[in-house]
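Some notes on the structure that comes next.
The values are calculated or read from the model by the stated rules, or taken from the named source; none is laboratory data. On a predicted model such as this, the values are computed, not experimentally measured, just so you know. A quick note on method: Cβ atoms are made from the backbone with ideal geometry, for glycine too, and the neighbour counts reach across all protein chains shown. Remember, those area values only see protein heavy atoms, side chains included, never the ligands or the DNA or RNA. Shrake-Rupley method; radii C 1.70, N 1.55, O 1.52, S 1.80 Å.
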Amino acid sequence: MIIKLEKGVEDLKIGIIGSRKELLIEVLAQENINYVVVEQIDDIDDTFDIVFGTGIYQLIKEPYLSLPAYGMVFFHETPLPEGKGNSPIQWTVFNKRPNLTVTAFKATESMDAGAILYQYNIPLSSSDALEILDKKRNIGIKKCFEGILEELKQGYIVLRTQTGQDSISAKRTLEDSGLDPNETLLSLWDKIRVCNNEEFPAFFKLNRKKIIIRYKVEDLL
């Protein structure tokens, strides 16, 4: 579905929300497009034309979703409808996907279920560890947002129905960083490289002790 805007992008009241909102602000600043930072969901009202959010870890309910004229748009790092839910970067690696796909979708009361506005793919390497994966995620969000803004500048929003195999990814816990010491390093690498060395480092258990493993990826000279 194509929605024609009733005003130019420069006249839209655009809201920005979420823990990674600085990524969106950076793009808007480069484009010289005005925006309003939304600190709390309760701050959204019907004066907004559209609200963009990234780093949103809760389901937003009505009436907030419908208050902006063109709704709320969130970003998720999988090719929706595949990989709805938690830990999208980690599950992208575990599912052996060649790309990290950032999807911008219209938020609904259901998890990651709204129509797609835009998708952007970033190729992955088998040596990409969490720090690099996070940087690629940030690049993907900004590129995806840039694509949406280009359409807004042309005076429309395109809503594309989600198609394909639907799946929901489970939330990871600290115990998911545990390794089987009987497996080879290469077979364990995917589990190791998505671990955060400080907050949830990889580990294995031996003689009633927890052995913590921290890693670093360096280029060969």
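Remarks
- Selection status of residue 4, farther than 20 Å from residue 140 by Cβ, touching a residue at least 60 places away in the same chain (Cβ under 8 Å) and either in contact with a His (Cβ under 6 Å, 6 or more places away or on another chain) or charged (D, E, K, R) (or both): yes
- Positions within segment 65-85 being out of contact with any Leu (no Cβ under 8 Å at 6 or more places or on another chain) and either among the β-branched types (Val, Ile, Thr) or open to solvent by 60 Å² or more (accessible area, probe 1.4 Å) (or both), in sequence order: 66, 69, 78
- Residues within segment 5-15 that are among the small types (Gly, Ala, Ser) and modelled with pLDDT of 95 or more, tallied: 1
- Restricted to segment 132-215, the set of strands (runs of 3 or more DSSP E) holding at least 2 residues that are closer than 28 Å to residue 69 by Cα and touching a residue at least 60 places away in the same chain (Cβ under 8 Å) comprises 156-158.
- So residue 18, is it crowded, with 16+ Cβ neighbours inside 10 Å, among the small types (Gly, Ala, Ser) and either under 26 Å from residue 154 (Cβ atoms) or at pLDDT below 90 (or both): yes
- Boolean, residue 156 is in contact with a strand residue (DSSP E or B) (Cβ under 7 Å, 6 or more places away or on another chain), open to solvent by less than 80 Å² (accessible area, probe 1.4 Å), over 23 Å from residue 57 (Cα atoms) and among the aromatic types (Phe, Trp, Tyr): yes
- Output for segment 159-191, where each listed residue is basic (Lys, Arg) and open to solvent by 70 Å² or more (accessible area, probe 1.4 Å): 160, 171, 191
- Given (1) surrounded by 17 or more Cβ atoms within 10 Å (Cβ to Cβ); (2) hydrophobic (A, V, I, L, M, F, W, C); (3) touching a Phe, Trp or Tyr at 6+ places or on another chain (Cβ under 8 Å), number of the condition residue 60 does not satisfy: (3)
- Qualifying residue in segment 129-141 (condition: touching a helix residue (DSSP H, G or I) at 6+ places or on another chain (Cβ under 8 Å), over 19 Å from residue 53 (Cα atoms) and open to solvent by less than 20 Å² (accessible area, probe 1.4 Å)): yes
- Taking the criterion of being touching a Ser or Thr at 6+ places or on another chain (Cβ under 9 Å) and open to solvent by less than 60 Å² (accessible area, probe 1.4 Å), the residues of segment 37-57 that qualify are 54, 55, 56.
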